[in-house]
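Chemist: Sharing a structure, written as structure tokens. Questions coming.
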Amino acid sequence: MASPAAQKRANVVVSRLIPPVLLGAVVYASYAVTKPLCIDYLIHPLPSYDRGPRVGAGAAILTVYYVLLIPMVVTYLHLYYHVLWNPGYLPIGDQKLQDDQSDENEKKTKKSHRRRHRKSVRKAESEKTTQSDTDVERGLGPTSGGVKSESDLDLESFYTKDVFVCQQDGRPLWCSTCCQYKTDRAHHCRELGRCVRKMDHFCPWVGGVVSETSFKFFIQFVVYTCIYCTFALIVSAYFTAEIRRNTGGANPYWCVCIGLSALFAFFTAGMTLSSVQMGIFNITTIENLNRRTAVWTLAIRVPEHMLDRLWDTQSPWAPTFPMVSYPPEASTPGQPQETNPSTERHVFAILHTQPGENPFDLGTPIKNLRQVMGHSIADWLLPIKQSPCADHSSMESHYAFGPVVTRLKQEAGLVPPDNGAVPTTPHSGRNQPEKNTH
Ligand SMILES: [Zn+2]
């Protein structure tokens, strides 16, 4: 049984090897359709076939084949680019960077010591030179010059939104491997050792992790590949049957083409169905694993005009749900306290969904699909624009929330109900009042 580290390395190696194999399969199929089928059998039949030319059929098949091939190749290249160079990683936390640098320095020091030891055995006077090597290695390392995270995700990037996914105490989710807060729907990828925004799955077929930056192109790729493979399968199978009827033989190129296209058509049809289903439900493959039982804990901002009455535990409006207040009140000694905490506070109600509810479901399949595919026909067909869900500029939340969150707000009395009536009780939570401050 391979160790997890070896398994991870194997996954990454396989993910780098498969793309060239796929390229080879496409080149082979293109040759089989173009030369042995269309040119040597239909347009200029070889004497061995003993039949007249069918130029129209050959030209039509070639045209359709390459028209279908182009979108498949373009979407694959676009997908591959985003998987490799824009995978949607979250930044690594300062602590993790420091630990990594310490480990690296330790390794270098040990290596340097071993080298010095070997040199001292051979030549005692080389000790001074070896010491200077150590200093040079430290100075030229890739993380030299102090540890700095790429762009640290601080609490402010959460509590300045109106809603975010949180832990029971109201803090954002935390990745203990990356030592970093996780934005909503982010998942730690074991194979890559990084947290990835709205990670869907690790896919060796495209060389890495499919996430919010690449899921749209992934759907386009599997759809176009399925259409392309189905066409290649039909053409190869049709003329193989014809040649068997007429001559009793078979062309080996066409037979291989049937095998390859059938395999990939079947595989991509399954991927198309499952990916579109994920898009329709606005859920990732990872979230889907416990879709029916998952309970989401959400920090939902309490409107400022409700703050005073909610803080008063004697008030009939006092909440029965836990609350958390940001920014953290513990300040560095010597720094001034906030002068007007009532207006500066970001107070959140900590609320839970029912088991199996998806707060990101926007209510209709088309609204959910638009979050991934875009808002126009061109967006759906062409691999150009990023998915709307990859835009995090909204101050409401990292990802759009749907009717589940609206209902939670209404039940908690944070917004009026749909019919506009003033709620007789401000909440329906069952928890005892509790205030968390971080
Ligand atoms: Zn992580």
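The values are calculated or read from the model by the stated rules, or taken from the named source; none is laboratory data. Keep in mind that what you see is a predicted model, and the values were worked out from it rather than measured. No Cβ is skipped: glycine too gets one built from the backbone with ideal geometry, and neighbour counts run over all protein chains shown.
Okay, residues lined up against (1) in the same structural domain as LEU77 (by TED's automatic domain parsing); (2) farther than 15 Å from ASP162 by Cα; (3) under 17 Å from the mean Cα position of the chain (by Cα):
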site	(1), (2), (3)
SER376	no, yes, no
LEU381	no, yes, no
ILE384	no, yes, no
SER387	no, yes, yes
ALA390	no, yes, yes
TYR399	no, no, yes
LYS409	no, no, no
PRO416	no, yes, no
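Chemist: Residue pairs, Cβ under 6 Å, 6 or more apart or interchain, first in the range 365-390 and touching a residue at least 60 places away in the same chain (Cβ under 8 Å), second surrounded by fewer than 17 Cβ atoms within 10 Å (Cβ to Cβ) and of a type in the set (A, V, I, L, M). List them.
Modeler: Partner pairs satisfying both residue conditions: PRO365/ILE280; ASN368/ILE280.
Chemist: Oh, and also: I'm checking my understanding of the structure. Among residues of the range 186-219 that are farther than 15 Å from SER387 by Cα and touching a Pro at 6+ places or on another chain (Cβ under 7 Å), which one is farthest from the ligand (Cβ to nearest atom)?
Modeler: Once the filter is applied, the top-ranked residue is GLY207.
Chemist: Do the conditions hold for VAL222, that is, is it modelled with pLDDT of 95 or more and either assigned by TED's automatic domain parsing to the domain that holds THR272 or within 16 Å of the ligand (Cβ to nearest atom) (or both)?
Modeler: The answer is yes for VAL222.
Chemist: Identify, by number, the condition in (1) more than 16 Å from the ligand (Cβ to nearest atom); (2) surrounded by 13 or more Cβ atoms within 10 Å (Cβ to Cβ); (3) modelled with pLDDT of 75 or more; (4) of a type in the set (D, E, K, R) that ASP133 doesn't meet.
Modeler: Every listed condition holds for ASP133 apart from (3).
Chemist: For the range 210-230, state whether one or more residues are free of Cβ contacts under 8 Å to residues at least 40 places away in the same chain and either surrounded by 19 or more Cβ atoms within 10 Å (Cβ to Cβ) or in contact with a strand residue (DSSP E or B) (Cβ under 7 Å, 6 or more places away or on another chain) (or both).
Modeler: yes
Chemist: Only residues in the range 86-98 that are part of a helix (DSSP H, G or I) count as the first member; pair them with residues that are more than 10 Å from the ligand (Cβ to nearest atom) and of a type outside the set (S, T, N, Q), Cβ under 6 angstrom, at least 6 apart or cross-chain, and list the lot.
Modeler: Close Cβ pairs (under 6 Å, with a partner that is more than 10 Å from the ligand (Cβ to nearest atom) and of a type outside the set (S, T, N, Q)) amount to LEU97/VAL147; GLN98/VAL147.
Chemist: Can you name the residue in the range 240-282 that is over 30 Å from ARG370 (Cβ atoms) and small (Gly, Ala, Ser) and is also surrounded by the most Cβ atoms within 10 Å (Cβ to Cβ) among such residues?
Modeler: Per the criteria, the residue is SER261.
Chemist: For the structure I just gave you, tell me whether GLY88 is at negative phi and either of a type outside the set (Phe, Trp, Tyr) or loosely packed, with under 15 Cβ neighbours inside 10 Å (or both).
Modeler: No, not satisfied.
Residue by residue, here is whether (1) on the phi < 0 side of the Ramachandran plot; (2) touching a strand residue (DSSP E or B) at 6+ places or on another chain (Cβ under 6 Å); (3) in the same structural domain as GLN101 (by TED's automatic domain parsing) holds:
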| site | (1), (2), (3) |
| --- | --- |
| CYS179 | no, no, no |
| ASP184 | yes, yes, no |
| CYS195 | yes, yes, no |
| CYS255 | yes, no, no |
| GLY259 | yes, no, no |
| THR272 | yes, no, no |
